[in-house]
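The values are calculated or read from the model by the stated rules, or taken from the named source; none is laboratory data. This structure is a prediction, so every number in the text was calculated from the model and none was measured. FYI the Cβ positions are ideal-geometry reconstructions off the backbone, even for glycines, and counts take in every protein chain you see.
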Amino acid sequence: MSISIKVTDVSKTYRIYDKPMDRLKQTLNKNKNYYRDFPALQKMSFEVFTGEAVGIVGRNGSGKSTLLQMIAGTLSPSSGEIKVYGRVAALLELGSGFNPEFTGRENIYLNGAILGVTKEEMDERLDDVLKFADIGDFIDQPVKTYSSGMYVRLAFAVSINVDPDILIVDEALAVGDGRFQLKCFEKIKSLKEAGKTILVVSHDLQTIRQICDRVMLINQGEFLEMGSPNDVVNHYTKILFSNKLVDEDIDSYPSTSVEKSKIQNNEFARANSGDVAAQEYRYGSNEGLIETCDLCDSNGVSVNSFTSSDKITVSFKVKAYKHIPQPIYALTVKSVKGLEVYGTNTYFQNMKFKPLHDGEEAEITFTQSMRLMPGDYFVSLGFVELIDGDIVPLDRRYDVLEMKILPKAGDRSFGIANLESEVHIKYDSLVKEI
């Protein structure tokens, strides 16, 4: 498999000056530092293969955009080496690469020229750009008069029509309307099928799961891991709900895979070890535990296979290891690709809080009709507490239960949800028979 992008020991450091005058002092006196270094990225190495879609996730300020800018060539690394094989089209910060004084049409040709596309080639592609952007007569107005949505429409339309080998998208699509986003994602999928390489930064984890083959996790400028979308998104979610990533957590992230970061230690030693699913991902403060869990049919029998639309019950028992004034219990159902098809919790269901005392146990049941299409699904469970408006995970067990939805006899519908359509046809009785 050929390599599209190779990043080797790349770091990016910015100089931070406390006062504007310090810049002048630094220019005049090289023997003294009037600045402090801020490491935006530190010793990052990875490879992206041709035809692969890779997502990049991390908190704001973790260095995602800085990394993409260096790959796109708009920013130079402080150290290390980046090799890119092929033409790169990048949607970075909103409006980057556009001259606000030029019209949309003029910017199309400007961007094409920057990417090495001749005017004659751009002439041939102009109709496709205009059709995809769909901004009407505004194409001949200065770009500075555009809304953010129009800006990104034009930028994306240009990027996909310069025949890129590598497409980079940095959160830009978040400003588009729903219909345009759908069109963009369909185009990204078609580019992927055509063997193009795609890098995506997004806070929409569902998008990351659906589009990407692998996902990279960055935290505070450091590369933590690259692996399957579901595993890495689970780890990222853990970081999001942690006040800080402690050293022990960082050490648990392998450099090339995520296998070691599955729960293999005694972090939850008090839980029933026999109940832990082989592929589950688990984390929390360990101050409250989900000790057992089960799937049951409408008769209360423990099973893991159901027919579409069967009513099932997910039950789990929790135990508190401290006083928990405001506990919340949650359930999420995901497809095998990590797509969340349903989720709820006791807080969303407007259930009143009932405190749990230290050592107290409780049993929680969620009963619902599984109106899902045939296939394999995973159930994730959550036991959290609400403290001053913040969610604090006590025990989260991702993909702890697996269930199979079997097809109904004669049902040939498709999709994810089974809406059980009732179809009626009414004919016009006034039409005469021939």
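Take the residues of the range 116-133 that are in a loop (DSSP other than H, G, I, E, B) and out of contact with any Asp or Glu (no Cβ under 9 Å at 6 or more places or on another chain): which is nearest to Ala90 (Cα to Cα)?
Gly116
When Val162 is tested against (1) at pLDDT 85 or above; (2) surrounded by fewer than 21 Cβ atoms within 10 Å (Cβ to Cβ), just one condition goes unmet, and that condition is (2). Could you go through the range 208-221 and let me know if any residue there is modelled with pLDDT of 85 or more, more than 12 Å from the chain's Cα centre (by Cα) and either aliphatic (A, V, I, L, M) or not assigned by the TED database to the domain that holds Ile71 (or both). Scanning the range 208-221 turns up at least one residue that is modelled with pLDDT of 85 or more, more than 12 Å from the chain's Cα centre (by Cα) and either aliphatic (A, V, I, L, M) or not assigned by the TED database to the domain that holds Ile71 (or both).
When the range 63-82 is limited to residues that are hydrophobic (A, V, I, L, M, F, W, C) and not in a helix (DSSP H, G or I), the one that is modelled with the lowest pLDDT turns out to be Leu75.
Could you grab me the full set of residues in the range 357-377 that are assigned to a strand (DSSP E or B) and more than 30 Å from Asn230 (Cβ to Cβ)?
Glu361
Within the range 324-339, the only residue that satisfies the criterion of being touching a Pro at 6+ places or on another chain (Cβ under 9 Å), modelled with pLDDT under 95 and not basic (Lys, Arg) is Gly338. Out of the residues in the range 360-382 that are among the charged types (D, E, K, R) and at pLDDT 95 or above, state the one that is surrounded by the most Cβ atoms within 10 Å (Cβ to Cβ). That would be Glu360. Among the candidates Asn345, Asn418, the residue that is among the polar types (S, T, N, Q) and surrounded by 20 or more Cβ atoms within 10 Å (Cβ to Cβ) is uniquely Asn418.
Taken over the range 34-62, residues that are in a loop (DSSP other than H, G, I, E, B) and of a type in the set (Phe, Trp, Tyr) amount to 1.
For the range 83-133, a residue qualifies if it is at positive phi and at pLDDT below 90, and the qualifying residues are Gly95, Gly97, Gly116. Note on the range 295-317: residues that are in contact with a Ser or Thr (Cβ under 9 Å, 6 or more places away or on another chain), touching a residue at least 24 places away in the same chain (Cβ under 8 Å) and assigned to a strand (DSSP E or B) amount to 8.
Pairs meeting the criteria (first residue in the range 62-83 and in contact (Cβ under 8 Å) with a residue 60 or more places away in the chain, second residue part of a helix (DSSP H, G or I) and among the polar types (S, T, N, Q), beta carbons under 6 Å, at least 6 apart or on different chains) are Leu75/Gln69.
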